[in-house]
Number of protein chains: 2
Amino acid sequence: MQVLSVLKRVPEDVKERMVNQYPSVDFRYCYGMEEGEDYLPEAEILITYGEDLNEEKIEKAKNLKWIMIMSAGMDRMPFSIIEEKDILVTNVRGIHAKPMAEYAIGMFLQVAKRAKKLQQQENASYWNRKLDFQELGGHTMVLLGTGAIASETARLAKAFDMKTIGVSRSGKGKDNFDEVYRIEKLNAALSEGDYVAAVLPSTEETRGLLQKEHFQAMPEHAVFLNMGRGDLVPEKTVSSAIEKGDIAHAVLDVMEEEPLPEDHPFWREENITVTPHISGITSGYLPRAFDIFDRNMKAYMNSDSMENVIDPERGY
Amino acid sequence: MQVLSVLKRVPEDVKERMVNQYPSVDFRYCYGMEEGEDYLPEAEILITYGEDLNEEKIEKAKNLKWIMIMSAGMDRMPFSIIEEKDILVTNVRGIHAKPMAEYAIGMFLQVAKRAKKLQQQENASYWNRKLDFQELGGHTMVLLGTGAIASETARLAKAFDMKTIGVSRSGKGKDNFDEVYRIEKLNAALSEGDYVAAVLPSTEETRGLLQKEHFQAMPEHAVFLNMGRGDLVPEKTVSSAIEKGDIAHAVLDVMEEEPLPEDHPFWREENITVTPHISGITSGYLPRAFDIFDRNMKAYMNSDSMENVIDPERGY
């Protein structure tokens with residue numbers, strides 16, 4: 001049985017762990033799809049981040065039975081041909097929750113504790129204590145989304161003595177949320193948000209969901225953070241909300257176009273913090289992803305039921 | 001009864017709250033001791049941060065019965081004359097815990113999530129995702145001190161799924177700490193510290209406590225944070241530990257000399273982050289401090305027992 005991995009930079013100890021665990025399996029680790037493409041025809045199992053697949057590649061992979069996606073977003077997967085060829089797809093849904101929740105709390109703390117200003121002062125060897133330092137405690141975090149990532153972020157927010165409000169389609173109550181509003185009451189939720197975090201996937205319903213009125217509904221001191229997908233809100237709407245003072249600060253980890261072009265105004269706006277889509281990345285990522293692969297591999301070999309199986313028709 | 005406040009920048013609503021609460025009391029709000037000094041002779045109660053007192057001022061304050069210190073550090077208080085004149089001293093011990101714990105977690109997250117590098121990339125409009133992002137979760141935080149601030153920091157660390165080890169004189173177990181080591185086992189504790197936070201006051205025992213050997217005991221990837229007092233560790237020891245790679249990063253909120261001189265090398269060292277003694281400052285500080293004053297004022301007027309009474313002989 002041949003397993004083809006087209007992930008770049010898999011740690012050596014993780015590679016060895018797999019090889020030792022499954023001596024009868026032929027593991028081929030390639031540095032990206034460019035290097036791995038020639039081996040597609042023989043592969044029974046493909047390990048990939050998923051953004052390098054298209055119909056042509058799937059056609060080429062004549063023996064493919066299972067695609068293990070080492071990410072959670074699957075916007076670019078060619079699901080119709082995958083369904084047609086009856087290929088099994090699993091992903092690593094859930095492993096982003098902890099690093100992304102840490103990212104959100106960390107970035108909100110940076111804004112609250114004026115990290116940007118402090119860094120500028122440090123660069124200028126300037127000792128100045130008269131800045132407007134805020135706390136998270138006692139304030140309200142509004143989360144757009146109530147899934148695993150939003151829920152873990154809300155759990156940490158509760159530890160900081162914050163009030164947590166979720167917004168979801170159903171408005172159904174969930175652990176770690178003091179309240180959950182239905183999407184129809186989005187403006188009411190946003191009006192309570194000292195800190196607003198968007199953790200929504202890209203779907204027909206979420207694309208362009210946030211408009212001018214929503215930023216106007218937030219308090220003027222609100223900090224808006226997007227770590228879901230960039231197409232949730234038109235970039236001009238964010239720029240304008242900052243320029244007009246509808247909100248105080250935006251932290252953006254995801255963009256309409258990635259990488260963000262070098263001449264994009266976001267880079268230079270004092271009250272917009274740009275990070276290069278890194279909220280889910282940590283050195284613990286691949287080891288954890290391979291833990292899931294490992295469990296699924298055992299299940300696959302024993303024809304047991306597997307974790308995080310994707311329905312190609314729904315796309316999640 | 002005259003109450004003299006020599007605090008700078010008391011919010012108007014807080015001033016009014018006191019005036020309305022105690023109509024029979026004469027509140028005099030001055031902008032610093034320079035402005036307030038002339039009123040010392042009439043004051044029965046003095047509200048101050050405490051760093052502006054000396055024997056001369058206490059002599060001048062002939063009617064002084066109670067000093068309300070709106071801070072926790074009292075290194076510079078002229079306690080012998082205060083004791084001689086039998087003046088009551090109270091402080092606001094405890095209110096620093098929440099903002100300081102938020103500061104510590106925020107700064108550790110900044111280092112773990114490579115905030116300095118990301119900021120440099122943002123300044124250069126450079127989209128680069130290949131940085132070594134770490135997590136707090138699964139790592140160990142060692143806290144020097146197990147008092148209110150350390151304990152609140154440990155509580156948050158536990159929420160992040162960290163292991164927490166405290167170090168104290170007694171080694172007595174405490175809430176929020178997985179383990180507490182006696183100070184004699186300091187090196188053993190430090191060797192486990194991925195993140196090490198010092199929250200110690202300045203006393204005879206703590207001055208110069210941390211030496212070269214202690215930084216050598218920490219892992220090379222350790223992040224050391226000092227938000228207690230600057231004299232815990234000689235500055236040269238920190239510089240040298242960073243230069244030699246004994247530890248990866250130092251975050252310093254307190255210095256041997258404050259403000260840190262403009263030509264000090266700390267400002268320019270990439271792996272030392274300097275903040276200007278702000279870990280305890282937030283916009284919520286004075287309102288909370290006046291809450292304690294308010295409760296103590298009621299007790300004072302009714303001759304009830306008061307909160308946070310300081311023993312001038314011990315100095316805490």
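Structure notes:
- Contact annotation: residue pairs with Cβ atoms under 9 Å, 6 or more positions apart or on different chains, pairing a residue in the range B:27-55 that is more than 20 Å from B:V14 (Cα to Cα) with a partner that is among the small types (G, A, S) and surrounded by fewer than 17 Cβ atoms within 10 Å (Cβ to Cβ), are B:D52/B:G32; B:E55/B:S80.
- Here B:I81 fulfils each of the conditions (1) part of a helix (DSSP H, G or I); (2) buried (at least 22 other Cβ atoms within 10 Å of the Cβ); (3) of a type in the set (A, V, I, L, M, F, W, C) apart from (2).
- Of all residues in the range B:55-72, those satisfying the criterion of being open to solvent by less than 30 Å² (accessible area, probe 1.4 Å) and part of a loop (DSSP other than H, G, I, E, B) are B:A61, B:L64, B:M70, B:S71.
- Boolean, A:E220 is farther than 23 Å from A:I105 by Cβ, assigned to a loop (DSSP other than H, G, I, E, B) and either open to solvent by 40 Å² or more (accessible area, probe 1.4 Å) or free of Cβ contacts under 8 Å to residues at least 24 places away in the same chain (or both): no
- Some residue of the range A:89-112 being hydroxyl-bearing (S, T, Y) and outside the structural domain of A:H139 (by TED's automatic domain parsing): yes
- Tally of residues being over 16 Å from B:T273 (Cβ atoms) and either touching a helix residue (DSSP H, G or I) at 6+ places or on another chain (Cβ under 7 Å) or polar (S, T, N, Q) (or both) across the range B:106-132: 6
- Cβ pairs under 6 Å, 6+ apart, first in the range A:109-138 and facing chain B (nearest Cβ under 7 Å) and farther than 21 Å from B:L118 by Cβ, second of a type in the set (D, E) and surrounded by 17 or more Cβ atoms within 10 Å (Cβ to Cβ): A:E135/B:E102
- Within the range A:189-205, the residues that satisfy the criterion of being within 13 Å of A:H139 (Cα to Cα), open to solvent by 10 Å² or more (accessible area, probe 1.4 Å) and not acidic (D, E) are A:S191, A:Y195.
- Here B:V251 passes the criteria (1) away from every other protein chain (no Cβ under 12 Å); (2) in a strand (DSSP E or B) except the one numbered (1).
- Within the range A:153-181, residues that are within 14 Å of another protein chain (Cβ to nearest Cβ) reach partners that are part of a loop (DSSP other than H, G, I, E, B) and among the aliphatic types (A, V, I, L, M) with beta carbons closer than 6 Å, at six or more positions or on different chains, in the pairs A:F160/A:L136; A:M162/A:L136.
- Enumeration of residues in the range A:270-292 that are within 10 Å of chain B (Cβ to nearest Cβ) and either acidic (D, E) or in a loop (DSSP other than H, G, I, E, B) (or both): A:T275, A:P276, A:H277, A:I278, A:S279, A:G280, A:I281, A:T282, A:S283, A:G284
- Any hit, the range A:86-97, residues being facing another protein chain (nearest Cβ under 8 Å), in contact (Cβ under 8 Å) with a residue 12 or more places away in the chain and surrounded by 22 or more Cβ atoms within 10 Å (Cβ to Cβ): no
- Considering the conditions (1) of a type in the set (K, R); (2) modelled with pLDDT of 95 or more; (3) assigned to a loop (DSSP other than H, G, I, E, B), A:R314 is excluded by exactly one of them, (2).
The values are calculated or read from the model by the stated rules, or taken from the named source; none is laboratory data. No experiment lies behind these values; they were computed from the predicted model shown. A quick note on method: Cβ atoms are made from the backbone with ideal geometry, for glycine too, and the neighbour counts reach across all protein chains shown. In case anyone asks, the SASA skips ligands and DNA or RNA and just uses the protein heavy atoms, side chains included. Shrake-Rupley method; radii C 1.70, N 1.55, O 1.52, S 1.80 Å.
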